[in-house]
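> Okay, here's the structure, questions in a sec.
The values are calculated or read from the model by the stated rules, or taken from the named source; none is laboratory data. Quick caveat, the model's predicted, so the values are computed rather than measured. FYI the Cβ positions are ideal-geometry reconstructions off the backbone, even for glycines, and counts take in every protein chain you see. These accessible areas exclude ligands, DNA and RNA; they are computed on the full protein's heavy atoms, side chains included. Shrake-Rupley method; radii C 1.70, N 1.55, O 1.52, S 1.80 Å.
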Amino acid sequence: MEGRPDRRPLRVGIQLPEVEREVRWPELRAMAQAAEQAGFDSVWVGDHLLFRDPGLPPRGPWEAWSVLAAVAATTERISIGPLVASASFHNPAMLAKKAATVDEISGGRLILGLGAGWNEAEYRAFGFPFDHRASRFEEAFTIIRGLLREGAVDFAGRYYQARDCVLVPEPARRGGPPIMVGTIGSRMLRQAALHADAWNVWFTWFGNRPDGLRELRGRVDAACASVGRDPATLERTAALLVQLGEGEVALRGGPLGKALPLRGPPEELAQALLAFNEEGLTHVQLVVHPITVRSIERLEPVVRLVHQQSY
């Protein structure tokens, strides 16, 4: 099947494990390199610190920006990014500095995913304020994009300050890396519509099915219209749950609800991903269960078929 001229190509990424099991750096490196070898377009790292789920011991992944820097240094082609970075885990000027540094190490391959955070347990444990998250994000976002896109910012807000702050050395790419905002909240959607290059949604928020995206797509379109932006200029992306094999899917953050995983042989999985492309997505991040090097290798024909049929 040839790609449709009215449909943008679909890029396929994969998320490295968070707390599905304890994974050490050599295996994370092997997964990132396997994803690059399999033809994936991007590899992603969740930005979390601690999960406390009922009936389970405390669990936590490695620190996201350290892992991203290491992945950047041990891969050559594949895009990398946080899915998504919690802006309130870092001083925003320092987060911009981290992003510029990782983009430099990667040779300009970073996609900067940003969000306001949601997991109160890790905020409480690590001493970060959990209140006024949308307001804090708006201020942090002002500083982050100012530094990355303009190279300097002079800002004093209620929550953050960056007085006469300059980002040097300059980012690897003029204007910095593309910025993706993950959200379904109205205030955050407005920020995405005003300032982001891409919007992202997590699979539990829309049931992991294309028809679940339609209402959200309308909300994104409305947010763009409200600020005078052509909705077609805001890229749409989504994390999708994919299951390989049998057994119960157990991920971080509680039950899956109505978000049934995508399953099937390569041809069926490829068609399932292309159905999201029909709904306007141009980049998907696969959250795979189980997440292993072998699972990544098994998805190579899926990625190849998607590329063949959407490009």
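> Is it fair to say L251 is at pLDDT below 95, aliphatic (A, V, I, L, M) and not in a strand (DSSP E or B)? Lay out the reasoning, then the answer.
On the way: at pLDDT below 95: yes; aliphatic (A, V, I, L, M): yes; not in a strand (DSSP E or B): yes.
It is true that L251 is at pLDDT below 95, aliphatic (A, V, I, L, M) and not in a strand (DSSP E or B).
> What number of residues within segment 265-304 are assigned to a helix (DSSP H, G or I) and crowded, with 19+ Cβ neighbours inside 10 Å? I'd like the intermediate steps shown before the answer.
Keep residues of segment 265-304 that are assigned to a helix (DSSP H, G or I), which gives 266-278, 293-298, 300-304.
Still in the list and also crowded, with 19+ Cβ neighbours inside 10 Å: 269-270, 272-274, 276-277, 295-296, 302-303.
Adding up the residues that qualify gives 11.
> What is the residue count in segment 28-78 for residues that are of a type outside the set (D, E, K, R) and either part of a strand (DSSP E or B) or open to solvent by 50 Å² or more (accessible area, probe 1.4 Å) (or both)?
Total meeting the criteria: 15.
> I'd like the full set of residues that are under 24 Å from G81 (Cβ atoms), basic (K, R) and either more than 20 Å from the chain's Cα centre (by Cα) or at pLDDT 95 or above (or both), limited to segment 132-178.
Listed by number, the residues that qualify are R133, R136, R145, R149, R174.
> I'm checking my understanding of the structure. Among residues of segment 179-196 that are closer than 19 Å to G81 by Cβ and over 16 Å from the mean Cα position of the chain (by Cα), which one is surrounded by the most Cβ atoms within 10 Å (Cβ to Cβ)?
Q191
> Please find, within segment 193-213, the residue that is nearest to K97 (Cα to Cα) out of those that are of a type in the set (G, A, S) and outside any helix (DSSP H, G or I). Full working, then the answer.
As a first pass, look at segment 193-213 and keep what is of a type in the set (G, A, S): 193, 196, 198, 207, 212.
The next check asks that each one be outside any helix (DSSP H, G or I); those that pass are 196, 198, 207.
Numbers: A196: 18, A198: 21, G207: 35 Å.
Looking at the filtered set, the residue picked out is A196.
Results for (1) free of Cβ contacts under 8 Å to residues at least 12 places away in the same chain; (2) closer than 14 Å to A99 by Cα; (3) among the hydrophobic types (A, V, I, L, M, F, W, C); (4) not in a loop (DSSP other than H, G, I, E, B), shown as yes or no for each residue.
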| site | (1), (2), (3), (4) |
| --- | --- |
| V153 | no, no, yes, yes |
| R173 | no, yes, no, no |
| G176 | no, yes, no, no |
| M180 | no, yes, yes, yes |
| Q191 | no, no, no, yes |
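> Of a type in the set (G, A, S), closer than 30 Å to E267 by Cβ, open to solvent by less than 30 Å² (accessible area, probe 1.4 Å) and in contact with a His (Cβ under 7 Å, 6 or more places away or on another chain): which single residue out of G81, G13 fits that description?
Sole residue among the options that is of a type in the set (G, A, S), closer than 30 Å to E267 by Cβ, open to solvent by less than 30 Å² (accessible area, probe 1.4 Å) and in contact with a His (Cβ under 7 Å, 6 or more places away or on another chain): G13.
> If you don't mind, there's one more thing I want to ask. Restricting attention to segment 66-82, does a residue exist that is touching a Pro at 6+ places or on another chain (Cβ under 7 Å) and modelled with pLDDT of 95 or more? It would help to see each step written out before you state the result.
Narrowing segment 66-82 to residues touching a Pro at 6+ places or on another chain (Cβ under 7 Å): 68.
Within this subset, residues satisfying the condition of being modelled with pLDDT of 95 or more are 68.
Within segment 66-82, one or more residues are touching a Pro at 6+ places or on another chain (Cβ under 7 Å) and modelled with pLDDT of 95 or more.
> Exactly one of these conditions fails for Y311: (1) surrounded by fewer than 18 Cβ atoms within 10 Å (Cβ to Cβ); (2) modelled with pLDDT of 95 or more; (3) aromatic (F, W, Y). Give me its number.
Y311 satisfies all of (1) surrounded by fewer than 18 Cβ atoms within 10 Å (Cβ to Cβ); (2) modelled with pLDDT of 95 or more; (3) aromatic (F, W, Y) except (2).
> Another question, if that's okay. Consider L147 carefully, then state whether it is in a strand (DSSP E or B) and open to solvent by less than 70 Å² (accessible area, probe 1.4 Å). Don't jump to the end; show me each part of the working.
Working: in a strand (DSSP E or B): no; open to solvent by less than 70 Å² (accessible area, probe 1.4 Å): yes.
It is false that L147 is in a strand (DSSP E or B) and open to solvent by less than 70 Å² (accessible area, probe 1.4 Å).
> Still on this structure, please answer the following. Any residue in segment 162-169 that is touching a residue at least 40 places away in the same chain (Cβ under 8 Å) and open to solvent by 20 Å² or more (accessible area, probe 1.4 Å)?
Here is the first cut: in segment 162-169, the ones touching a residue at least 40 places away in the same chain (Cβ under 8 Å) are 162, 165, 167, 169.
If we keep only those that are open to solvent by 20 Å² or more (accessible area, probe 1.4 Å) as well, we get 165, 169.
Looking through segment 162-169, at least one residue is touching a residue at least 40 places away in the same chain (Cβ under 8 Å) and open to solvent by 20 Å² or more (accessible area, probe 1.4 Å).
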